[in-house]
Amino acid sequence: MGNSASRNRLCRNKEIPTLITSSKLISSPVMVSAESSPETSSNGSTTPVHNGFRTPSITILHFNDVYNVEEQATEPKAGAARFKTALRSLADKDPLILFSGDILAPSIMSSFTKGEQMVPVMNQFGIHCAVFGNHDFDFGLERLVDVVERTHFPWLMSNVEDNETGCPLAGGILTHTMNWHGWKIGLVGLVEKEWLETLATINADEVTFTDYVDRGRELASSLKKEGCDYVIALTHMRTPNDIRLAENVEEIDLILGGHDHVYEELKVNGKTILKSGTDFREFSALTLTQQSKGVNVDIKKVVVDSAFEPDAELKEALSKYEEIVGKKMEEDLGSFSVDLDGRFSSIRTSETNLGNFVCDIMLASCNGDVALLNSGTLRSDRIHPKGEFKMRDLMTILPMLDPLLVLEVTGEKLLAALENGVSQYPKLEGRFPQVAGVQFVFDPNGEPGSRVVRDSVKIGDEYLDLTSTYRMVTKAYMKDGRDGYNMLVDCPILQDEEQCPMLSTAVQNHFTAIQSHLGKSRRNSIHRQSLVLLSRRHSLIRQDDEVPPSARGSGHARLGRSVSTDSALSTASSGSVSSACSKRSRWSLSRQESFHELEDLACKLAPKVEGRIVLATDEVLEELSMKRAMHSVSVIEEEDEPITPLSPKNKPNPLT
Ligand SMILES: [Zn+2]
């Protein structure tokens, strides 16, 4: 903790319980301020003239979790400029405009601008007050504070304190009061601990989190004592936490939430909890009306479709950020030494080098045993010729912001997922898998659901064990059971979306790591994504194993796992890999030289098809049964065989 005297000087409002409002607000305690008087609104006709008295009702516009300022291809067309017009369509109500967090990221544009385009968006919307969301911290605290200073309204952060300054985190304030048409409104901004702990840019030890129920009660009752008629909590947390807040804090009258991208209205303990959708597609217009037994809340959902024209002023302001994106798209990421096959006809029916490249990066960036991607993710539908690879190419392949996650899957679920992947073959279905860390044979003539040749599935160098568990890197879309992957729905999450990079970010990080390895970047940090992919490490071990013991030297230098290879072999010989064995997913590399060789090879950017997904032909099946027979005779012998019998021309090759 720092020095409290200097800390308080920096805070934008005083310590609890003294209620001080931010310098940005209207602070007349009794009378209506000029800013909120109907005389200054664009059309006062439907707002009763109150001459300083309390009007019977007021209007609030609420929205949350907005990311893409560009309009969408399908209805609702949305987009920030159209959203502004929709907000303005209710200007005659002189509404209070409140925002529940998440605006700076993630979006493709924001990944280039650090959310700069949102400054004019927020200011032109005329937001009156906001709470921070988790993604507002994506570019770090300093960046957020910089943005906060340039927005024309206060941000609330009522229950998280920065230990260094003793103030609410990120230049936030504890509470805000507004005198709106004679209503004295108190606002608090509450967040949950769950997302706070996963913020990559904030050290959880350097902030103090106070439970939102305790702090909410404390601040709301203090606001009521100060004379507020009505207290609104702006929150950024999951709905069950909003429910807990509603159940436990009498002094809060209304909860306007975010974080969940749903349009949802709940009534808990006589209070309304509202989430107003996402991504500039919709917002809520609430009418608060004073009645004899309390305040009635009437809610209308406004859908931002093409019935609203985009606002010209905001559209103009945003055009320069579109230019920035345009320039960024021309940036060179690296240079491939082979063509990349992204054609739907290829990636939706077979293993491709593009799929292997992307899946290898998934595996490396999230440290998995297996990576599984539905090929529908890869959108370019073309061959990318070898040579320069630009950001535009990457964005053509991966235009969506796909969050990765790591699941714990049993061998059985993994097999079911592979079965689903090949179940529609040869239809060009997006569910067809691209993989890393796994290889298998499938028979297209088999019934859907039993096409994968059971004895052919290998995870790394070991045959799949149906009862073992594996770390599977995949994307949220598949975990949600889309594309038929419903076997993944109830798999435990080992690393959630907040703890994993976006897929396109992981790929960009890979190129950055290559630049760094080649000494082309200014910052040659050791903190970079691994260039050596786990599936490659398997191959490296095998190559080392293939060296005759006599040639290995007395040190028996080898790349091994954290458990001894001998025990791995002995369990494998009994026909199954123990779960202890499958739980070791990290490889300890004792031969640094080879590791560096692999890094050098990764820099050549020459992914290839290498027998991960193989169509069953008579020849392949025959080879497979021979292989299994040998395996049952001698595990050692089996282990010394080349890794890719299914594609005989390929020796195990750490290059790819
Ligand atoms: Zn959020």
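The values are calculated or read from the model by the stated rules, or taken from the named source; none is laboratory data. In this text the structure is predicted, and so the values were computed from the model without any measurement. Quick reminder, even Gly has a Cβ in these numbers, built from the backbone with ideal geometry, and neighbours come from all protein chains shown.
Limited to region 444-457, what total is found for residues that are among the charged types (D, E, K, R) and surrounded by 18 or more Cβ atoms within 10 Å (Cβ to Cβ)?
Of the residues in that region, 1 qualify.
Among the residues of region 364-390, which ones are surrounded by 23 or more Cβ atoms within 10 Å (Cβ to Cβ) and among the acidic types (Asp, Glu)?
Across region 364-390, the qualifying residue is only Asp369.
Of the residues in region 111-145, how many are among the polar types (S, T, N, Q) and on the phi > 0 side of the Ramachandran plot?
So the count comes out to 0.
Could you list, in sequence order, the residues of region 107-138 that are surrounded by fewer than 23 Cβ atoms within 10 Å (Cβ to Cβ), among the small types (Gly, Ala, Ser) and within 14 Å of the ligand (Cβ to nearest atom)?
Ser107 - this is the single residue of region 107-138 that is surrounded by fewer than 23 Cβ atoms within 10 Å (Cβ to Cβ), among the small types (Gly, Ala, Ser) and within 14 Å of the ligand (Cβ to nearest atom).
Looking at Arg471, Arg482, which one is out of contact with any Phe, Trp or Tyr (no Cβ under 9 Å at 6 or more places or on another chain), buried (at least 19 other Cβ atoms within 10 Å of the Cβ) and basic (Lys, Arg)?
Arg471
Among the candidates Ala86, Ala91, single out the residue that is surrounded by fewer than 19 Cβ atoms within 10 Å (Cβ to Cβ), away from the ligand (no atom under 16 Å from the Cβ), modelled with pLDDT of 95 or more and not acidic (Asp, Glu).
Step by step, each of Ala86, Ala91 is checked, and only Ala91 is surrounded by fewer than 19 Cβ atoms within 10 Å (Cβ to Cβ), away from the ligand (no atom under 16 Å from the Cβ), modelled with pLDDT of 95 or more and not acidic (Asp, Glu).
Being without any contact (Cβ under 8 Å) to a residue 40 or more places away in the chain, surrounded by fewer than 20 Cβ atoms within 10 Å (Cβ to Cβ) and either among the polar types (S, T, N, Q) or within 15 Å of the ligand (Cβ to nearest atom) (or both): is that true of Asn163 here?
Against the criterion (without any contact (Cβ under 8 Å) to a residue 40 or more places away in the chain, surrounded by fewer than 20 Cβ atoms within 10 Å (Cβ to Cβ) and either among the polar types (S, T, N, Q) or within 15 Å of the ligand (Cβ to nearest atom) (or both)), Asn163 does not qualify.
Any residue at all in region 60-83 that's within 16 Å of the ligand (Cβ to nearest atom), touching a residue at least 24 places away in the same chain (Cβ under 8 Å) and among the hydrophobic types (A, V, I, L, M, F, W, C)?
yes
Considering only region 280-300, I want to know if a residue exists there that is on the phi > 0 side of the Ramachandran plot, at pLDDT 95 or above, assigned by TED's automatic domain parsing to the domain that holds Ser89 and under 20 Å from the mean Cα position of the chain (by Cα).
yes
Looking only at region 244-287, count every residue that is acidic (Asp, Glu), within 16 Å of the ligand (Cβ to nearest atom) and in contact with a Phe, Trp or Tyr (Cβ under 8 Å, 6 or more places away or on another chain) and tell me the total.
Summing the residues that are acidic (Asp, Glu), within 16 Å of the ligand (Cβ to nearest atom) and in contact with a Phe, Trp or Tyr (Cβ under 8 Å, 6 or more places away or on another chain) in region 244-287 gives 1.
Hey, does region 139-148 have a residue that's touching a strand residue (DSSP E or B) at 6+ places or on another chain (Cβ under 8 Å) and either within 16 Å of the ligand (Cβ to nearest atom) or of a type in the set (Asp, Glu) (or both)?
For region 139-148, residues touching a strand residue (DSSP E or B) at 6+ places or on another chain (Cβ under 8 Å) and either within 16 Å of the ligand (Cβ to nearest atom) or of a type in the set (Asp, Glu) (or both): absent.
Of the conditions (1) within 22 Å of Ser319 (Cβ to Cβ); (2) at pLDDT 90 or above, Ala130 satisfies every one except a single condition; which number is it?
Exception for Ala130: condition (1).
Quick one: how many residues across region 166-216 are among the charged types (D, E, K, R), within 16 Å of the ligand (Cβ to nearest atom) and surrounded by fewer than 19 Cβ atoms within 10 Å (Cβ to Cβ)?
Residues in region 166-216 being among the charged types (D, E, K, R), within 16 Å of the ligand (Cβ to nearest atom) and surrounded by fewer than 19 Cβ atoms within 10 Å (Cβ to Cβ): 3 in total.
Just to be sure I understand, how many residues within region 360-385 are more than 12 Å from His510 (Cβ to Cβ) and touching a residue at least 40 places away in the same chain (Cβ under 8 Å)?
17
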